[in-house]
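Working notes, structure below.
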Amino acid sequence: MKLNVKHSAVFLFVALFLLAATPSWLHIRAGNSSTIVSAPHSGSDLNTGYIVEQIAKQTGFASIVVENGRNMRTRWNVNRPTVGGGQTCDSERRTSSAEEAFNAYRSAVLSLNPNPALFIEIHGESGVSVIEAATKGFSRDDASKIKQLYTELRDKRLRGTNFFAYDLLIEPLDSIRLTASCAKTIGLFASLPKVLHMELPRGMRDPPTVEPYTQILAELIQKAAIQ
């Protein structure tokens, strides 16, 4: 028992130290860190920071919001030590500032939980008309259950409204375009056991549509975390 208390005290000290050293552009909300929800591009991905903050409040899960740059070509990718997007992993440019941002982001995750049961990133993508969910550690059966649950929650929440019903495509059940391959191979996801990386369409993040879909996502994540 003494050993467990000692180890807990050490971990708490390290966590508090990392939180104190966190840069001003990275916002950490403590909570149930078995699941961590993050918005790594809140500066450029409209309302993703707001969505994550609301999910954290409603579920009690820990969260991270990054106030990243708005320029898609020069912003830090944050979940890997490179800048820019839409390229192959080998083509993405590594910079010292991107490396520092990645290290700060990774430290923030570790300060909350070095081995979360589920890590979720919320992104925005204007070029899609469905939600694309890249995954790590999910079986086809896991993905099928998440997809069915999402559809049920969406249909229930939107019943009797005029909001557009966005569908969900999820790996490894469905084929998607945005697979988060670089984060999985050279970034944070490589060291995490279970990851859900969600790309939300622009229309879904615009007011007033963002409100019902934030509720849907909060319920989905709450239920997905216990499956």
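Readers should treat all values here as calculations from the given coordinates under stated rules, not as data from a laboratory. As the structure is a prediction and not an experimental result, all values here were calculated from the model. Every residue, glycine among them, receives a Cβ derived from its backbone with ideal geometry; neighbour counts consider all protein chains shown.
State all residues of the range 172-196 that are more than 17 Å from CYS89 (Cα to Cα) and of a type in the set (Lys, Arg); if no residue qualifies, say none.
Within the range 172-196, just LYS194 meets the criteria.
Select from the range 117-128 the residues that are out of contact with any Pro (no Cβ under 7 Å at 6 or more places or on another chain), surrounded by 21 or more Cβ atoms within 10 Å (Cβ to Cβ) and not aromatic (Phe, Trp, Tyr) and list them in ascending order.
Scanning the range 117-128 gives LEU118, ILE120, ILE122, HIS123, GLY124.
Just checking, how many residues over the range 139-182 are under 17 Å from LEU196 (Cα atoms) and free of Cβ contacts under 8 Å to residues at least 12 places away in the same chain?
Within the range 139-182, residues that are under 17 Å from LEU196 (Cα atoms) and free of Cβ contacts under 8 Å to residues at least 12 places away in the same chain number 3.
Checking ARG140 against (1) among the charged types (D, E, K, R); (2) surrounded by 18 or more Cβ atoms within 10 Å (Cβ to Cβ); (3) farther than 18 Å from HIS27 by Cα: exactly one of these is not met. Which one?
Against the list (1) among the charged types (D, E, K, R); (2) surrounded by 18 or more Cβ atoms within 10 Å (Cβ to Cβ); (3) farther than 18 Å from HIS27 by Cα, ARG140 comes up short only on (2).
Going through the range 111-152 one residue at a time, which ones are over 23 Å from HIS41 (Cα atoms), touching a strand residue (DSSP E or B) at 6+ places or on another chain (Cβ under 8 Å) and part of a loop (DSSP other than H, G, I, E, B)?
GLY137, PHE138
Do you know which of the residues in the range 59-110 that are aliphatic (A, V, I, L, M) and part of a loop (DSSP other than H, G, I, E, B) is surrounded by the most Cβ atoms within 10 Å (Cβ to Cβ)?
Going through the qualifying residues, I end up with VAL78.
Test of understanding: among ALA165, ALA190, which residue is out of contact with any Ser or Thr (no Cβ under 8 Å at 6 or more places or on another chain), of a type in the set (Gly, Ala, Ser), surrounded by fewer than 20 Cβ atoms within 10 Å (Cβ to Cβ) and in a helix (DSSP H, G or I)?
ALA190
For the range 29-58, name all the residues that are among the hydroxyl-bearing types (Ser, Thr, Tyr) and assigned to a strand (DSSP E or B).
SER33, SER34, THR35, SER38
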